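Taking it in order: structure first as structure tokens, then the write-up.
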Amino acid sequence: MPEPSETLRVAAIGDLHVKEDHTAPYRELFGEISRDADVLVIAGDLTDLGKPREAEVLAEDLRACSIPVIAVLGNHDYECGCEQEVTNILRQAGVRILDGQAIEIDGVGFVGVKGFAGGFGRRMLGSFGEPAIKAMVAEGVNEAMKLENAMRQVRAKRAVVVLHYSPIVETIEGEPLEIFPFLGSSRLAETIDRFKVSAVVHGHAHRGCYQGHTLGGAAVYNVAQHIEKPTGKPYAILEI
Ligand SMILES: [Fe+2]
Ligand SMILES: [Fe+2]
């Protein structure tokens, strides 16, 4: 067992879906998390419709957070086409929004991309037929490549991967089978398994389940706030 001082306590939550008419929706929770963890990771769907006003409401609540905050965007954060503005507002509030980058905090590397849909295993969508299908597959491949490039930047011995879409099926089980291909892609897991990873967190599947593994053995956690977690709270605590 590592000494406590060598362990980073990472709080992880996803799918905040902040709306513009919400009043301080997460202020209290962020205060609690700051007392409970060393770093907060948010796995996308920060806002409900990707509106700058929603990002401002979240940015205001993040003032209650006194620990470093790392996040990726989710599909909801793209809905209005204002994802750059949403990113800027949150970056100004001190959030490290990752989109294919790696950062290091206290000896732990954090790597983040949104990821994309596409399906799993042998049933993954292939690049065949109409240009629209090929474009969809290309988007998934592109996200996996961004993840790979970011992983190569990690110098730390411990690494946490932050995604919005799921890299595996296990943590989306509980969702309707028909939408599995829209909840993530094995391409992300294939990339993850080329590296040594301490933990992977994702959101997006509000009705999935908490824990699973990639084929290569990397621990994967669905940290969407709706998911039941060992903490009994909307956020997970990972000792990295
Ligand atoms: Fe969500
Ligand atoms: Fe989502």
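Numerical summary
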item	result
Solvent accessible area, Å² - CYS209, 1.4 Å probe, full protein context	50
DSSP-loop GluC sites (Glu not before Pro) across segment 176-240, with at most 12 other Cβ within 10 angstrom	GLU228
Relative contact order for segment 58-126, counting Cα pairs under 8 Å that sit 6 or more residues apart, in percent	30
Positive-end residue of VAL111, GLY81, GLY129, charge dipole of segment 77-131 with Cβ unit charges	GLY129
Three-way shape label, segment 36-117, alpha-carbon gyration tensor, a/c 1.5	oblate
Rounded if a/c under 1.5, otherwise prolate or oblate - segment 60-106, Cα gyration tensor axes	oblate
VAL169 long-range amide H proximity, modeled H, under 5 Å	none
Backbone HN-Hα couplings from phi across segment 206-222 [Karplus 6.51/-1.76/1.60, Hz, Gly and Pro as x]	5, 10, x, 10, 5, 10, x, 9, 6, 4, x, x, 6, 6, 10, 10, 8
Rounded, prolate or oblate (a/c below 1.5 giving rounded, otherwise prolate when a/b exceeds b/c) for segment 199-240 by Cα gyration tensor	oblate
Residue of THR23, THR191, THR87 that the Gaussian network model of the chain assigns the largest fluctuation, springs spanning Cα pairs under 10 Å	THR23
Using θ = phi - 60° and Karplus 6.51 cos²θ - 1.76 cosθ + 1.60, couplings along segment 120-127 (whole Hz; Gly, Pro as x)	10, x, 6, 8, 4, 4, x, 7
Mean separation of Cα contacts under 8 Å, 6 or more apart, over the residue count of the chain: relative contact order %	21
Positive-end residue, the chain charge dipole about Cα centroid, Cβ charges, pick of PRO234, LEU8, PHE180	LEU8
Signed unit charges on C-beta, dipole axis of the chain, positive-most listed residue ASN149, LEU29, TYR210	ASN149
Cα-based reach from LYS51 at 14 Å (exclusive), listing aspartates and glutamates while leaving out same-chain residues under 8 positions away	GLU20, ASP21, ASP77, GLU79, GLU83, GLU85
Electrostatic dipole magnitude of segment 1-99 [Cβ: Lys, Arg +1; Asp, Glu -1; Cα centre; debye, to 20]	240
1.4 Å probe accessible area per residue over the chain, in Å²	46
Gain upon complete extension [LYS196, LEU177; 0.36 nm per residue less C-alpha separation]	3.8 nm
Accessible surface of the chain [probe 1.4 Å, protein heavy atoms]: carbon and sulfur percent	50
Rounded accessible area of ASP38 (nearest 10 Å², 1.4 Å probe)	60
Full-stretch length increase - ARG35, THR231 - with 0.36 nm per residue and alpha-carbon distance subtracted	69.1 nm
Cα centre as origin, Lys/Arg/Asp/Glu Cβ charges: segment 188-240 dipole, Debye	80
Residue-averaged 222 nm ellipticity for the chain, from DSSP H runs of 4+ at -39500 (n - 2.57), nearest 500	-7500 deg cm²/dmol
Nearest-10 value in Å² for the accessible area of SER198, using the 1.4 Å probe	50
Size descriptor, Kirkwood hydrodynamic radius, that averages inverse alpha-carbon separations across the chain, Å	17.6
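The values are calculated or read from the model by the stated rules, or taken from the named source; none is laboratory data. For clarity, every value in this text was computed on a predicted model and none was experimentally measured. Glycine also receives a Cβ, built like all others from the backbone with ideal geometry; neighbour counts cover every protein chain displayed. Side chains included, ligands, DNA and RNA excluded: accessible areas come from the protein's heavy atoms. Shrake-Rupley method; radii C 1.70, N 1.55, O 1.52, S 1.80 Å.
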